[in-house]
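Have a look at the structure below, then the notes.
Please treat every number below as a calculation from the coordinates, not as lab data. This is a predicted model, so every value here is computed, not measured. Cβ sites come from the backbone with ideal geometry, for glycine too, and all protein chains shown count toward neighbours.
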Amino acid sequence: MPKLTRARREYDCYQCKSIIEKGSMYSKKSISFGSPSKETVENRGGVPTIVVHGFRVTKHICSKCSEKANESEI
């Protein structure tokens, strides 16, 4: 079972789109787009520029969806 955290404010569940009320328990899921660890340096107009080829976002998941995901992994 994933670690649950108590909500300090109201969130929307990423999977079922329901409201996670303040004070209820939820878990977090990290989603990456592209390759967040890949970076290259390019020379643009004589200025060295760092280009990042991806990023990572953390989404909130309600306890019900978190339990369903855990059951499907077993």
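Against the longest principal axis of the chain, how steep is helix 63-73, in degrees 0 to 90 to the nearest 10, with axes from Cα atoms? That works out to roughly 80 degrees.
With the chain treated as a Gaussian network of Cα nodes joined by springs under 10 Å, which of Ser18, Ser37, Ser63 yields the largest mean-square fluctuation? Of Ser18, Ser37, Ser63, the Gaussian network model singles out Ser37 as fluctuating most.
Couplings 3J(HN,Hα) for the range 41-47, derived from phi with the Karplus relation 6.51 cos²θ - 1.76 cosθ + 1.60 (θ = phi - 60°), are 10, 10, 9, 10, x, x, 10 Hz, where x marks Gly and Pro. Ordered by the count of other Cβ atoms within 10 Å of each Cβ, fewest first, His53, His60 give His53, His60.
Here the relative contact order of the chain, from alpha carbon pairs under 8 Å that lie six or more residues apart, stands at 34 percent.
Considering the convex hull of the alpha carbon atoms of the range 5-73, report its projected area averaged over all viewing directions, in nm², one decimal. Present the calculation step by step, with values, prior to reporting the outcome.
Details: hull surface 26.8 nm².
Mean projected area for the range 5-73: 6.7 nm², to one decimal.
Taken over the range 5-73, lysine pairs spaced eight or more positions apart, or on distinct chains, with alpha carbons under 19 Å apart number 14.
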